[in-house]
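Structure first, then comments.
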Amino acid sequence: MSDVSFYTSVAEPSLFACRLLRKVQAQGLTVTVCGPARRLDLLDQTLWTFDATSFVAHFRAKANADFDDPAPIWLVETLEQDARARRPNVLLNLGQTVIQGFESYQRVLEIIPTDEVSTRNARERFRVYKTAGHKVEHHEVGA
């Protein structure tokens, strides 16, 4: 069973994701970040610029790419793009739906922006995880 953590009311999702990924990387864990291309592109750019004194090692997998980059954090649009032989420990979902295959990860992270559509979709994902018997935590980031 996966442990699922929801971080809600996040005013700046990309910056919050950078801080969260830096924390997870410091723990020596590997992460797959899955979401729409535009959100991944923004996160990729933000990871390079959000902190001038540190670096969060990551790899942005593009569609139809066949790479085996050793970076501990991979940004992918679908889990099929994650060609790593060993399954990463953590899945960060930047999308609006439950990611098929999330069950194979030890932990799933969900960052929820402040808009109404994201909140409504997050509530549905929360129900899906809970109904399937996963341990779900909620963390209110902003008001």
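The values are calculated or read from the model by the stated rules, or taken from the named source; none is laboratory data. Bear in mind the structure is a predicted one, so any value in this text is a computation, not a measurement. As a convention, Cβ positions derive from the backbone with ideal geometry for all residues, glycine included, and neighbour counts pool all protein chains shown. Just so you know, the surface numbers come from the protein's heavy atoms only, side chains and all, with ligands and any DNA or RNA stripped out. Shrake-Rupley method; radii C 1.70, N 1.55, O 1.52, S 1.80 Å.
Can you tell me the order of 94-101, 14-21, 127-134 when each peptide is scored by its average per-residue count of other Cβ atoms within 10 angstrom, highest first? Each step should come with its number before you reach the end.
On the way: 94-101: 15.6, 14-21: 19.2, 127-134: 13.4.
Highest to lowest by the protection proxy: 14-21, 94-101, 127-134.
State, to one decimal in nm, how far the label point of Gln96 lies from the label point of Ala26, with both points 7 Å from Cα in the Cβ direction.
The two pseudo-label positions are separated by 3.4 nm.
Using a Förster distance of 30 Å, how high is the FRET efficiency between Thr78 and Lys135, based on the Cβ-Cβ distance and rounded to 0.05?
Working: r = 25 Å, r/R0 = 0.85.
Approximately 0.75, to the nearest 0.05.
Given labels modelled 7 Å from the Cα in the Cβ direction, how far is it in nm from Arg19 to Asp41?
A separation of 2.7 nm, rounded to one decimal place.
Let me check against my output: what whole-number percent is the relative contact order of the chain, with C-alpha pairs under 8 Å and at least 6 apart? Present the calculation step by step, with values, prior to reporting the outcome.
Details: 257 pairs, mean separation 57.7, N = 143.
It rounds to 40 percent for the chain.
Which helices, counted as full DSSP H runs in the chain, have an axial Cα extent of no less than 20 Å and a Kyte-Doolittle average of -1.0 or above? Working shown, then result.
Working: long enough: 116-131 (23 Å, -1.43).
Span-like helices in the chain: none at all.
Just tell me which aspartates and glutamates come within less than 20 Å, Cα to Cα, of Lys130; anything on the same chain fewer than 8 places away is out.
The qualifying aspartates and glutamates are Asp3, Glu103, Glu110, Glu140.
What number, rounded to the nearest 500 deg cm²/dmol, is the helix-based mean residue ellipticity at 222 nm of the chain, given -39500 (n - 2.57) per DSSP H run of at least four residues and division by all its residues? It would help to have the intermediate numbers written out before the result.
Values: 3 runs with 43 residues, N = 143.
Rounded to the nearest 500, it is -9500 deg cm²/dmol.
Computed from the coordinates I sent, Cα extents along the principal axes in Å equals one of (1) 96, 50, 16; (2) 35, 32, 28; (3) 39, 33, 27. Tell me the label.
So the structure-derived entry is (2).
When a/c reaches 1.5 or more, the comparison of a/b and b/c decides; with that in mind, is region 1-62 rounded, prolate or oblate per its Cα gyration tensor? It would help to have the intermediate numbers written out before the result.
Working: a/c = 1.27, a/b = 1.15, b/c = 1.10.
Here region 1-62 falls in the rounded category.
For the chain, with every protein chain kept in place, what is the accessible area per residue (1.4 Å probe, Å²)?
On the way: 7670 Å² over 143 residues.
I get 54 Å² per residue for the chain.
Let me know the charge dipole size of the chain about its Cα centre in debye, to the nearest 20, where only the beta-carbon of Lys, Arg (+1) and Asp, Glu (-1) is charged. Walk me through the numbers before you get to the answer.
Details: 17 positive and 18 negative charges, 62 e Å.
The dipole of the chain has a size of about 300 debye.
Share of the chain's accessible area from carbon and sulfur, percent, 1.4 Å?
Numbers: 4000 of 7670 Å².
Result for the chain: 52 percent of the exposed heavy-atom area is carbon or sulfur.
Looking at Trp48, Cys18, Phe102, which one has the Cα that reaches farthest to the positive end of the dipole of the chain (charges on Cβ: Lys, Arg +1; Asp, Glu -1)?
In the chain, that residue is Phe102.
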